[in-house]
Every structure is written in structure tokens, then in C-alpha cells.
1. Please work out how much accessible surface B:LYS225 shows to a 1.4 Å probe, ignoring ligands, DNA and RNA, in Å² rounded to 10.
2. Compute the Rg/Rh shape ratio of the range A:1-79: radius of gyration over Kirkwood radius, all on alpha-carbon atoms.
3. A 23 angstrom limit on the alpha carbon distance is what I want to check against. Which of B:LYS140/B:LYS368; B:LYS189/B:LYS225; A:LYS52/B:LYS27; A:LYS84/A:LYS225; B:LYS162/B:LYS225; B:LYS161/B:LYS368 exceed it?
4. Might you tell me the accessible area per residue for the range B:184-280, computed with a 1.4 Å probe and given in Å²?
5. If you take the accessible area of A alone, add that of B alone, and subtract the area of the pair, what total do you get in Å², probe 1.4 Å, to the nearest 100?
6. Which of rounded, prolate or oblate describes the range B:224-366 when judged by the alpha-carbon gyration tensor and an a/c cut-off of 1.5?
7. Quick one: angle between helix B:277-288 and the longest Cα principal axis of chain B, in degrees between 0 and 90, rounded to 10, please.
8. How fast does the range B:291-374 diffuse by Stokes-Einstein, in µm²/s, taking the Kirkwood radius from C-alpha pairs at 20 °C and 1.002 mPa s?
Number of protein chains: 2
Amino acid sequence: MFEPSEKSGGIAYAIREVLVPARKLEKNGIKIIKMNIGDPIAYDFDTPHHIKEALYQAALDGYNGYAPSEGYEELREEIVKREKKRNGMGYDIDDICVTTGVTEALQMFLAAVLNAGDELLVPGPTYPPYNLITSFHGAKPVPYATIEEENWQPDVEDIRKKINRRTKAIIIINPNNPTGALYPPKVIKEILDLAAENNIIVVSDEIYDDIVFEGRHYSTASLAKDMPIITFNGFSKVYLVPGWRVGYAIFNNPNGELDKVKDAFFRIARARLCASSVAQRAMIAALRGSQQHIVEMVNKLRKRRDFAYKRINEINGLSTTKPQGAFYIFPKIETNKWKSDKEFVLDVLENAHVLFVHGSGFCPVYGKNHFRAVILPPLEVIEEAFNRVEEFMKRVIE
Amino acid sequence: MFEPSEKSGGIAYAIREVLVPARKLEKNGIKIIKMNIGDPIAYDFDTPHHIKEALYQAALDGYNGYAPSEGYEELREEIVKREKKRNGMGYDIDDICVTTGVTEALQMFLAAVLNAGDELLVPGPTYPPYNLITSFHGAKPVPYATIEEENWQPDVEDIRKKINRRTKAIIIINPNNPTGALYPPKVIKEILDLAAENNIIVVSDEIYDDIVFEGRHYSTASLAKDMPIITFNGFSKVYLVPGWRVGYAIFNNPNGELDKVKDAFFRIARARLCASSVAQRAMIAALRGSQQHIVEMVNKLRKRRDFAYKRINEINGLSTTKPQGAFYIFPKIETNKWKSDKEFVLDVLENAHVLFVHGSGFCPVYGKNHFRAVILPPLEVIEEAFNRVEEFMKRVIE
């Protein structure tokens, strides 16, 4: 038997791993309500038609060969314009690298900066690949607390305590996956101050930036234009093309402090060919065309958020805060009838046929006793899902 | 200034790095004949129309969300059928994982198996990412000799000498990039015997398998169905969609010896979402539809190969073997007028305005004093390119 690498031992991605038992049930003819995956297309959202047309046109126009490793210039220009208009940023196209989704951006960034023994501050809970890939490099993901009672805002004091000489970078995810938190500028500024004092790279993952239900999303870089900040963003969520795999990284590097890291990032980019050529061309059209679908999507999601929030809080044994952005809700399991949140999720799957993701998959410390549900399905599906959960919990608890 | 990771220091990808000086010349209005990049679409080849239609249809049919991490079942079924028909293999869909090009397949494989200190036997010369990513993991790429005088066949005796306790896997690239070599079954079998004796994983990169000018391509796994062999393949070259980024890995695992490695590979796959959904759907159509474009492409390339072979051997100071597959030619620089093959390539770029890739970018040992040219351009472009090279060399040498 051949042995795999040691570092591969730790790789297990909660969001996708729970699919394995779900598929088994489905093979036995059982219908599962899937509340687990952050893919609007799996529910009643659809890619705007002009974006599909642009994909086809790109193929007809011959954009089927390799794209530049950094991405097509026209796409990077449109991203520069969006950043100017939305966030008042004055980027150059050379500050932008187009990637195969945000996942590839974070893979490339972590490969570009992490040495074994380094620490990466990640929100607790966080999008799991930040933990997985950090461990993969022999570095340590250190979760900082976020405060459920304050709508999952980062606990700045906890961040301060966890910074040490090994801390290489801090990740901000805003709006947050899995909690749906939207961070106020004051909190972001406090984190930025800590980063500046301690010489830590700030990475801001803003893939849900236009999916906000009340208030306004402040881009991290817009709050400190003179600071080295790397922003991750992508088209999967806001432009409804998760399967097309297009994201990007933006380097805000006013004083050249990121020169070497940026150089490493772009060298890694050149070692892996390119993001999808046709999908990149379609994203040029996505940024140039109508943005009306975003308004409609957010209005639809707000209603679903309101309903899910109300319904979950009616269930004995569950409670939840109200998400302000993204398309997730992160309820708390208020009972100790289950050994762990994973047991809860598997039990709900097996007996109520509803699939969630266990909170500890997002953070063993600050995610435990929680689960993540999407607020993407139509109201009647959300209703049916939580009716089933309620009935199931009644049976178990009473 | 923030420091990048130590391992990122070694990342430099010859094929894409030579583009930087070429772009500079182009910015000054100089027209470069590009003989450097393995992208048929950049010349007079085009994606078959029914494949473009299938991409569009996939978007219209709603395949815009995440695909399964392992790839759509229908695509994996078509790959199973192709392997049955072409190579007599009896794979199951669970043996196949669809990836974002072969590049991602090799990234995932090397991440799944390499520990620091391990050695990977790679052909000398090789496709550069095998070297880059191996070094990135703190492991060592060890090039084995291939014999130019014997049309770049692997030197089995050299492989034998280089196997030791640290050798984890051996890479076969057949047809070969950059040499265009096609390996006879006898040589492949000898390598397989060595691997079996020494408990080494065999990886066979066969992305150019249907681009063969004479003779026949033997899939490595088909020559030893009872052995653990991992095959990489993809659609970029044979189906003329390099920019769409779809490849795959196949695990031939008759005795379960690859169980743990396969498990690690698939866990890594699940940690990174998926390959492009719409492109995957289009590849189902590519495998089901007409294969006539392959015949036409190979006939066109054979003429260009014949011409390039003849023309290069007419030039004083250059010589070349005759490629039997893929779409590259790997001539030797017979003079020592240049300090290195990289100097030669940069000098040709600067003065003759033709862009090649230096041989040492593919292997510092067995690639030096060579350069790689594609045989993809129309005859008149190949002619003009080598006319320029000939004139330039006359000026320098005489």
C-alpha cells in the first residue's frame, strides 16, 4: 500500500464531506432537503441571460485558448472600474490577478506567504479552506472569537491577545460565511490598527459584498487606503455563476510593502496557466451589463432571511441571530441531547432528511454547538425543512 | 516589507516567464512571431462548433452552479467509455476525478503523496510544473535521461540508477512535451517493471495521446492492467479547448495499493469545489460527438512537423530529431556562441523577433543547449520564423 503525504491527512472539508452520507440516503430513494451548500443555482436563482449569451459569444469569438495568467486586461480594467465606483479605490490593472474562484486566490496567497510554524488569524467560525490550506503548509490557523450576542462581530480584544511574532496575516470575511455578519467600519478599523501596529498582512474576503440586507458594506481597503491590504472577490455569488469558477485578488500596496508577496503571488499565477478563458470574457459582460438581478436577488433573500430567522427562533432547542448579509444563517443548538453538532447534523439528516453543515466544520472552537443553513431555498422549502427539524426535535427532546 | 514564503522563491515558469520581455517589445510596436506556447487556438485551429454549442446549451440548461467535486457522473462515464474503447481498460466512474486541467491534477497528486525529502523521477526534459510543484513541497525532482539520438526515448538504465529509498513516484509523459517523443511499449514496460520491483507509483501524463504522426500511442495502464498506475489526461489539446480548463486523473488500482493515495486525492478534490460546470458539460458532448477534427488536426500538424524538421536541420548551428507526437519540436543549439540556451532564446527574441522557450526551462540537465518550438503555426509562419532565425544565426556565427 502506498502512503499518502503526511500533510494530506488533515484535509477534510465539512461542507462537502456531509454529502457522502446524504448521497447514500438518496441512493435508497430518500428525498433530502439540502440546506447545506452556498449555491444559489441549486435553488430558484438563475444566471442572468445576458451573461450566458456572453459566454457563448466568447466561444464563438474564439476566446478558447489560454488566457493571460493574470487574467484578460479588459476584465481587470472592469474590476478596477468597479472598485473605483463602489469603493473609491484607485487600483491599476497590475494590482489585480484573476483566479479560478476565490478558492484559488486563497490557495495562491497562502502558498505565497506561509512558512511552517507561521500563524494565520482566521475568524471563528470561518470558511473552511482557510484552515485546511494553512495546516497543509505546516502553519497554524488561529481562530479569533466573534461575538454571537453582537451579531457575530469580531472580538478585537481577542485578536489583540492572539497576535504574536509568528502571526503572518489576518483574514477578514465580510459579509461573513457562515454567520452572515456584516462588520461595521469601526470594528474593521480597529482590526486594521492592530495589523498596522504588529506588521501583519490584512486579507479581506468580500465575495458576498453586494449581498447585504440592511446597512452598507464597507470594503476593508476603502477604510485604510494607505495600508497594505489584499482583497479577495469573485463572481460566483453576486453574478450567479458559482460553477464557472472566476474570482480575483486585488493588491492594495501604496507603499510597496507587499512588493515581494505580490511578486510571489504572480509567479505562482504564471506557473498554473489561467482561469477559464470563456468565463472571464463573460464576466466582462457581467460587470458592464445590467446589475438589476442583484437588487432582485437581495430582496428575495431578505424575505427568506426574515422567515428563517423567525422560524428557527420558534423551535424549542434552537436560537439564532439575524444575518445581515451573505446567504447563510448560523443557529445555535441550545440542548445537550447530542454529543456534538456533527452528531446533531447527521441525526437530522438520517431522521428528518434535512441536510445542514455542522458548525465545528467551520471552527472547532467558536463554531461548535451550531450549524449552518442556507437561506437560499424558496420560503415553502425553508418552511418544510424547519417543520421537519421541529418535529424531529420534539420527538428527541420531549 | 512583508516576506514571501521560502518555498515560493523557486517558482519561475519558463514557458510563461519569457513572455515578459516579449510583451515589452510588443509595447514598442514590434511584431513577434510566437513559437512558444502550446495553444492551438493561438494559431489557425478552432474549437469544433458543436462543442461551443454544447457550452452554451449547458448554460441555458442551468448547469451554472457547482458541479460535484469529482466531476459530473455523465462526464466520468464518457471517460470510462473512452478508456474502454481506446485502451481496453475497465474503469469505474469512481476511479476518475475531473480537474481544472492536467495542471490541477498534478498539483493535487503531488500534494497527496509528497513529503519533504521525497524524490520524484521526472523525464529530462519535462513539463515544468512537475519540477516546480515538487520543489514547492520540499521534495526533489530528479530528472532521468532521455536519449536524443534515439528520438528522446527514456534511458531505462539511468532510471534504474536513480531509484532509491526516497523515490516516491515516476512521471511518464507520452507523447512527450517538450520533445515530441512517442514511447514504444517495450520501453514503457521496462519502466513499469522497475517501478514494480521498487514499489514506486507510476504516473502517466497522456494529454497528447491522440496527437500522433506515425505509429500508435500505447496508454501506460493498458500495458500493465494489474499495476497501480495513475493516468492524467485532459481536453485542452485534443478537443481544442485549452482555455476551458478541463482535465482528469484516472486511478488504476486493481489490488488496492493506491487506496490511501486515492482517498487523499479525492479529499483534496472535495476541499476545492469543482472544475468548471459548463465546460464539463461541453466535454460530455465532445466525447460523444464527431471525432473528425482530430484526424484533420493531426494531418495538418504532420505537414508542419515535416516542414519544421526539414527546415531546422538546414540551419547552420541547429539540428533536430523528428517529433512523433504532440505539437512541439526540441532542436539542439550546436554552437557555443551563446553562454546558455536562455541567452540564445532572448537574443533571438530581441534580434529576430521570434519567441521560443529555452530548453533549460524544461530541465537544467537534459534540456540545456536546446529550445522548444511549437509546430502549430501555418507553414508560412513557421517558414518566416526559421528564415529569421537562419539569417540571425548567419550574422552571429559568421
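1. Rounded to the nearest 10, the figure is 100 Å².
2. 1.14
3. Cα-Cα > 23 Å for A:LYS52/B:LYS27; B:LYS162/B:LYS225; rest within.
4. 26 Å²
5. Working: alone 17140 and 17160 Å², together 27850 Å².
Interface area, both chains combined: 6400 Å², rounded to the nearest 100.
6. Note, shape of the range B:224-366 comes out prolate.
7. Result, in degrees: 90.
8. 158 µm²/s
The values are calculated or read from the model by the stated rules, or taken from the named source; none is laboratory data. Everything numeric in this text was worked out from a predicted model, so none of it was measured. All Cβ positions, even for glycine, are placed from backbone atoms using ideal geometry, and neighbour counts span all protein chains on display. The accessibility values were calculated without ligands, DNA or RNA, using every heavy atom of the protein model including side chains. Shrake-Rupley method; radii C 1.70, N 1.55, O 1.52, S 1.80 Å.
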